[in-house]
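Have a look at the structure below, then the notes.
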Amino acid sequence: MVEVRVDPEICAASGMCKLLVPAVFDQSEEDGTVLLTDAAPPAELSAKVRTAALRCPAGAIAVHEMETDAHGT
């Protein structure tokens, strides 16, 4: 599982993240900057979220691995 953080202050408002993972990212109607809609997305979206972070032209998305216990929670 991953934890996602965004920095709208450095966001370039390209919309790449929203295009790649609309379940996790949105854009502000005011200025187009990133809005995070799910900071702890389901495991099946982890790869897409990592891709969005890598493709972010401003580096405004950070993905952190969350530790899980022996039961996967």
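Among the residues of this structure, Thr37 does not count as one that is among the polar types (S, T, N, Q) and open to solvent by less than 40 Å² (accessible area, probe 1.4 Å).
Once segment 1-26 is narrowed to residues that are of a type in the set (A, V, I, L, M) and more than 21 Å from Met66 (Cα to Cα), the residue that is most open to solvent (accessible area, probe 1.4 Å) is Leu19. Can you confirm whether segment 50-57 contains a residue that is in contact (Cβ under 8 Å) with a residue 40 or more places away in the chain, surrounded by 13 or more Cβ atoms within 10 Å (Cβ to Cβ) and out of contact with any strand residue (DSSP E or B) (no Cβ under 7 Å at 6 or more places or on another chain)? Looking through segment 50-57, at least one residue is in contact (Cβ under 8 Å) with a residue 40 or more places away in the chain, surrounded by 13 or more Cβ atoms within 10 Å (Cβ to Cβ) and out of contact with any strand residue (DSSP E or B) (no Cβ under 7 Å at 6 or more places or on another chain).
The values are calculated or read from the model by the stated rules, or taken from the named source; none is laboratory data. Quick caveat, the model's predicted, so the values are computed rather than measured. All Cβ positions, even for glycine, are placed from backbone atoms using ideal geometry, and neighbour counts span all protein chains on display. All accessible areas refer to the heavy atoms of the entire protein, side chains included, with ligands and DNA or RNA removed. Shrake-Rupley method; radii C 1.70, N 1.55, O 1.52, S 1.80 Å.
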